[in-house]
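In what follows, a structure is listed as structure tokens, so that the remarks can point back to it.
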Amino acid sequence: MIEKEILIDYNIEIKETRIKKKCYWKKLKIESEIFMKNNKIKILTAFILIVALLLIWGTNDIVTTKYFISSERIPSDFDGYRIVQVSDLHNKEFGKNQKRLIKKIKAVNPDLIVITGDIVDRRKWGTKYMEEFLAEAKGIASIYYVSGNHEVWSFKYDKVKKILEKYNVNILDDDVKTIKHKNSEIKIAGIIDTGFEDREEYVPEILSNLKNKIKSDEYSILLSHRPEHIDDYAESGYDLVFSGHAHGGQIRIPFIGGIYAPHQGFMPKYTKGVINKKKTKMVVSRGLGNSVIPIRVLNRPEITLTVLKSEKYMN
Ligand SMILES: [Fe+2]
């Protein structure tokens, strides 16, 4: 009898607890509905602010991406040789006197700096930020440069060249130069952007003419603004190519990649990373600045650091 009473009391207790819980959740729901109603604008403003701050950060905060490129063709004296790539600055400012950009470059202690075009922007014309960058960068390491479409399309390339020369930058306009390090040498070539005077169809010819100036046993680097010519670079037999132009596809979607790149269109193939074709390895920088679209999504401005590894040395 007592046991039955205890059981009834217990059931009543459970029912009461359930009712209390139901009331609690209902109250909470009503309260949150009232809160949302009264604070809709505030919540929306906070959301927009957070998204805007993330976009500003993602468009202005520089990241350094490191790659190791190994080859038995790299002389042992070049083992550990560090190349920083600066691409597609597009006349962008990274702090006073490009302080934030320079700090990132200094931090990785490069032996060489390569600039792969679009240091200026033909739409937002100006050379101030380019000059500020070069004035600081020239003290860090030797600089090699190749033009991008914005230099050649600006019709002010002569002005850009004069500034580059002022800061002792090696301009690789369809030219090959020698890089000496310790007791060894490698070659570095560069091709003027293909948008100039409809040179597109002559790209393979120009590339092989340049390559013919390099001995077959010499390690060869090519600077070329556009990554979409990778078949031509590989066909000509360059060991390592640095390119940019694609801006990382501007907006990146996880597991899918970049959305759009100039001259590659939507869902572009070459937007970042190291791409292998035949014996050629191509480093594609996501670049630093922007042109038509002023923001980047999940695609922070980038400098690349490529460290050469000599397999000769390892053997
Ligand atoms: Fe470009």
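All of the numbers you see were taken from the coordinates with simple rules; none came from a lab. In this text the structure is predicted, and so the values were computed from the model without any measurement. We place every Cβ from the backbone using ideal geometry, glycine too, and count neighbours over all the protein chains shown.
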Item to check | Mean shadow area of segment 36-148 over all directions, Cα convex hull, nm² | outcome: 10.7
Item to check | Reachable aspartates and glutamates from residue 279, criterion Cα separation under 13 angstrom, eight or more residues apart if same chain | outcome: 72, 231, 232, 235, 239
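Using square roots of five times the C-alpha gyration tensor eigenvalues, list the equivalent-ellipsoid semi-axes of segment 88-137 in whole Å, biggest first.
On the way: eigenvalues 74, 31, 13 Å².
They are 19, 12, 8 Å, listed from largest to smallest.
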Checklist entry - If the cut-off is 18 Å between C-alpha atoms, which lysines fall inside it for residue 106, apart from same-chain ones fewer than 8 positions away? => result 66, 96, 138
Checklist outcome for this item: Here P(r) for segment 94-246, Cα-Cα distances in 10 Å bins, as whole percents, is 11, 40, 36, 14, 1
Checklist outcome for this item: A correct Karplus calculation of ³J(HN,Hα) over segment 260-275, with 6.51 cos²θ - 1.76 cosθ + 1.60, θ = phi - 60°, whole Hz and x for Gly and Pro, returns 8, 9, x, 6, 10, x, 6, 6, x, 7, 10, 10, 6, x, 10, 10
Checklist entry - Roughly what angle does helix 157-166 make with the longest principal axis of the chain, taking Cα atoms, 0 to 90 degrees, to the nearest 10? => result 80
Checklist outcome for this item: With Rg from the Cα atoms and Rh as the Kirkwood inverse mean 1/r over Cα pairs, the chain has an Rg/Rh of 1.27
Item to check | Once the Cα gyration tensor of segment 222-281 is diagonalised, semi-axes √(5λ) in Å | outcome: 22, 11, 9
Next on the checklist: In the chain, if the dipole is taken from +1 on Lys/Arg beta carbons and -1 on Asp/Glu beta carbons about the Cα centre, which of 78, 240, 101 is farthest to the positive end?
Outcome noted: 101
Next on the checklist: If each residue of separation counts as 0.36 nm, what is the full-extension length gain between residue 161 and residue 212 once their alpha-carbon separation is subtracted?
Outcome noted: 15.8 nm
Next on the checklist: Taking 2.2 N^0.38 Å as the expected size of a compact globular protein, what ratio does the Cα radius of gyration of segment 10-93 give against it, to two decimals?
Outcome noted: 2.50
Checklist outcome for this item: Highest mean packing first, using Cβ neighbours within 10 angstrom, the peptides 90-101, 30-41, 166-177, 49-60 sort as 90-101, 166-177, 49-60, 30-41
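Would you calculate a helix-derived [θ] at 222 nm for the chain, using -39,500 (n - 2.57) for each DSSP H run of n ≥ 4 and dividing by the full residue count, to the nearest 500?
On the way: 8 runs with 114 residues, N = 315.
Calculated from helices alone, the mean residue ellipticity at 222 nm is -11500 deg cm²/dmol.
Which translational diffusion coefficient, to the nearest whole µm²/s, is obtained for segment 240-315 from the Stokes-Einstein equation, given a Kirkwood hydrodynamic radius over C-alpha pairs, 10 °C and 1.306 mPa s?
On the way: Rh = 13.4 Å.
After rounding, the answer is 119 µm²/s.
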Checklist entry - So what are the radius of gyration and Dmax for the Cα set of segment 167-290, in Å? => result 15.0, 46
Next on the checklist: Using a Förster radius of 41 Å, what is the FRET efficiency between residue 123 and residue 26 based on their Cβ-Cβ separation? Nearest 0.05, please.
Outcome noted: 0.10
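Between their Cα atoms, which of 213/269; 211/278; 128/159 are more than 22 Å away from each other? Spell out each step's value before the answer.
Numbers: 213/269 31 Å; 211/278 16 Å; 128/159 12 Å.
From 213/269; 211/278; 128/159, over 22 Å: 213/269.
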Next on the checklist: Could you give each residue of segment 58-70 its phi-based ³J(HN,Hα) in whole Hz, using Karplus coefficients 6.51, -1.76, 1.60 with θ = phi - 60°, and x for Gly or Pro?
Outcome noted: x, 9, 10, 8, 7, 10, 9, 9, 9, 10, 10, 10, 10
Checklist entry - Cα convex hull of segment 162-215: mean projected area in nm², to one decimal? => result 4.8
